[in-house]
Amino acid sequence: MLVHVDLSHRLLALAMFEKTLTALIKGLRSHRGKDEAKYIAAMMDDIRGEIKSADMDIKAEAVLKLAYLHMLGYRLSSASFHILETMASSNYRFKFIGYLAASLCFSEDTEVLILATNLIKKDLHSAQPLDVQAALHGLSHIMTQELAQHLSDDIFSCCHTRVHPCVSAPCWFYMPSSFVAPRCWIVLMSVSAI
């Protein structure tokens, strides 16, 4: 009975308080060319309210919608901390949504990026392989020189036992220097190779 009540509460919250990503996409398609700017403004206001929710289902859905709108060129810069909150979730679904949004929305000048260091460190040392995978995948998109300096030892320690057979010993030897390379694409390529 408790599961049923919890599930119905979540469904009610989803139905009454927020619109899903699918509804947002359908709305964007139906408003294309007419009232699109008004519709986007209304949706951004809705997302601003949803992203502050204490319910992680609502917050994660808002972060997902934000990431989609970011791909279309709309920015909501005040959501960076909320993206970190979803990344910090113990639920893998929410964590993955957070890392996905971070990989799309964060850049080198994102202010909260340094706050993500300890969170990423924790996920890299997680006993759950999916948490490690989410952290490595997200990190491959948001890696900066500062993060590389702080996390290179953690990346090596978590991946040393998990290294792919295709990565040969000579490549592994030169990998640390590539994490602090001056060119961003070298750093991204190195993290992605792991």
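The values are calculated or read from the model by the stated rules, or taken from the named source; none is laboratory data. Here the structure is a predicted model, which means the values were calculated and not measured. Note that each Cβ is placed from the backbone with ideal geometry, even for glycine, and that neighbours are counted across all protein chains shown. Keep in mind that these areas ignore ligands, DNA and RNA; they rest on the heavy atoms of the full protein, side chains included. Shrake-Rupley method; radii C 1.70, N 1.55, O 1.52, S 1.80 Å.
Things worth noting here:
- Apart from one condition, L136 fits all of (1) more than 19 Å from I83 (Cβ to Cβ); (2) modelled with pLDDT of 60 or more; the exception is (1).
- Qualifying residue in region 93-102 (condition: open to solvent by 20 Å² or more (accessible area, probe 1.4 Å), of a type in the set (A, V, I, L, M) and within 17 Å of S140 (Cα to Cα)): yes
- Considered as a group, the residues in region 47-57 that are out of contact with any Lys or Arg (no Cβ under 9 Å at 6 or more places or on another chain) and surrounded by 12 or more Cβ atoms within 10 Å (Cβ to Cβ) include one that is nearest to S126 (Cα to Cα), and that residue is M56.
- Note on region 17-46: among residues that are open to solvent by 100 Å² or more (accessible area, probe 1.4 Å) and over 26 Å from the mean Cα position of the chain (by Cα), the one that is modelled with the highest pLDDT is K38.
- In region 115-127, residue nearest to R75 (Cα to Cα) [restricted to those that are open to solvent by 20 Å² or more (accessible area, probe 1.4 Å) and in contact with a helix residue (DSSP H, G or I) (Cβ under 7 Å, 6 or more places away or on another chain)]: L115
- Residue match in region 64-83 (condition: in a helix (DSSP H, G or I), open to solvent by 20 Å² or more (accessible area, probe 1.4 Å) and among the charged types (D, E, K, R)): no
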